[in-house]
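Before any comments, here is the structure.
The values are calculated or read from the model by the stated rules, or taken from the named source; none is laboratory data. Note that the structure is a prediction, hence the values are computed from the model and not measured. All Cβ positions, even for glycine, are placed from backbone atoms using ideal geometry, and neighbour counts span all protein chains on display.
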Amino acid sequence: MPRNPRCCPRPSRRSTWKDSLLDRHEELAALDRDRALVPRPRGERCVREGTTWVHLRTCLTCGHNGCCDSSPRRHARAHFGADGHPVVVSAEPGEAWRWCWVDDELG
């Protein structure tokens, strides 16, 4: 099958494994720069009240960011109590889990 020059151009020179490593290094550096531009989530109610948070939880229903039960104000739990939105996920980098308030169950 012939190459489509718009999506799969032929390299202008012969690449080596060193070139591939350099290209990959440049890709990873660009990802790090892009990540730095994405704002970290904030506990807006904590900011308004002048309090701090330990960890943040994000509501899967509406996207509200609230502080966890280890934080002084427990805004994520309060959000569930006020709005009834049952599931939150961790807003912490590198964490991939969810919590159901109704069932008190980790998922």
Next on the checklist: I'd like to know if segment 57-71 contains one or more residues that are more than 16 Å from the chain's Cα centre (by Cα), part of a helix (DSSP H, G or I) and not charged (D, E, K, R).
Outcome noted: no
Next on the checklist: Would you confirm whether or not segment 32-54 contains a residue that is surrounded by 15 or more Cβ atoms within 10 Å (Cβ to Cβ), modelled with pLDDT of 75 or more and part of a strand (DSSP E or B)?
Outcome noted: no
Checklist entry - When segment 90-107 is examined, which residues are found to be surrounded by 12 or more Cβ atoms within 10 Å (Cβ to Cβ) and over 14 Å from R42 (Cα atoms)? => result R98, W99, C100, W101
Checklist entry - Among the residues of segment 58-76 satisfying the criterion of being in contact with a Lys or Arg (Cβ under 9 Å, 6 or more places away or on another chain) and of a type in the set (D, E, K, R), which is nearest to V47 (Cα to Cα)? => result R73
